[in-house]
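Undergrad: The structure follows.
A short reminder: the numbers here are calculations on the coordinates, not readings from a lab. The structure presented is a predicted model; accordingly, all values stated were derived computationally and were not measured. Heads up, the Cβs are rebuilt from the backbone with ideal geometry, glycines too, and the neighbour counts pull from every protein chain shown.
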Amino acid sequence: MQQKSISITFAGGDAGSWRVERMETVTGPALPRVSRIAVIEGRDTPLPRQALWFLRGITSYERYVRRAEHEMLVSRQPPLGRPAATCAALIPICKSHEWWQLSQDERREIFEERSHHIAAGLDYLPAIARRLLHSRDLGEPFDFLTWFEYSSTDTGSFEELVRKLRKTPEWVYVDREIDIRLRRD
């Protein structure tokens with residue numbers, strides 16, 4: 001059964017339940033620095049007026065995942081919003097023109113067969129909850145917004161996961177990436 005898409009907006013400014021601990025531009029243009037981020041679900045929810053920027057995305061079907069991989073992800077994926085998950089990362093990513101010129105099966109080959117993106121992520125579940133949002137078709141400045149939640153005791157594991165992924169053949173195609181680390185008050 002197809003899940004209903006969820007629209008999410010990340011509002012960067014001086015309001016929100018997530019305090020920014022670190023904002024690092026990995027590659028490409030930076031975002032203006034902010035002290036807090038609000039996470040707003042739904043299209044009808046009012047947005048903060050004083051935000052410096054908004055990043056919008058929508059949940060969608062899994063593009064490069066096979067049935068068995070999907071079932072493993074679903075069986076291990078914890079829910080977002082767990083009380084112990086006081087740390088988060090928002091990592092907006094924009095892939096290169098060359099990436100989007102590849103066919104779906106060529107992207108899958110790079111994504112999983114060569115980079116082992118799904119397999120790497122599975123190694124860190126259920127400690128790290130994740131949500132992938134698609135933004136490319138919305139005309140947003142990033143193609144994907146990746147959101148992760150984890151406990152402070154799993155910070156080292158999250159850092160290890162990010163290091164692994166950034167060393168893969170897939171990351172050659174990343175033109176813009178911002179790494180925002182957060183803590184919930």
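Undergrad: Under a crude label model (7 Å from the Cα following the beta-carbon direction), how far is ARG82 from THR27 in nanometres?
TA: So the label points at ARG82 and THR27 sit 3.1 nm apart.
Undergrad: What does the charge add up to near MET23, with Lys and Arg as +1, Asp and Glu as -1, over the other residues with Cβ less than 15 Å from its Cβ?
TA: +2
Undergrad: Same structure again: Listed highest first by mean packing, meaning other Cβ atoms within 10 Å per residue, what order do 8-14, 26-32, 123-129 come in?
TA: The peptides rank, most packed first, as 8-14, 123-129, 26-32.
Undergrad: Gain in length, ASP44 to LEU102, computed as 0.36 nm per residue apart minus the alpha-carbon separation, to one decimal in nm?
TA: Between ASP44 and LEU102, full extension yields 17.3 nm more.
Undergrad: Could I ask something else about it? When a/c is below 1.5 the answer is rounded, else prolate if a/b is larger than b/c, else oblate, so apply that to the chain with a ≥ b ≥ c taken from the square roots of the Cα gyration tensor eigenvalues.
TA: Rounded, since a/c falls under 1.5.
Undergrad: Calculated FRET efficiency, ASP14 and ARG163, Cβ-Cβ r, R0 30 Å, to nearest 0.05?
TA: Taking R0 as 30 Å, the efficiency between ASP14 and ARG163 is 0.45.
Undergrad: Which trypsin sites (Lys or Arg not before Pro) in segment 9-64 sit in a loop by DSSP (not H, G, I, E or B) and have at most 15 other Cβ atoms within 10 Å of their own Cβ?
TA: Here the trypsin sites (Lys or Arg not before Pro) that fit, given the DSSP loop and packing criteria, are ARG33, ARG43, ARG49, ARG63.
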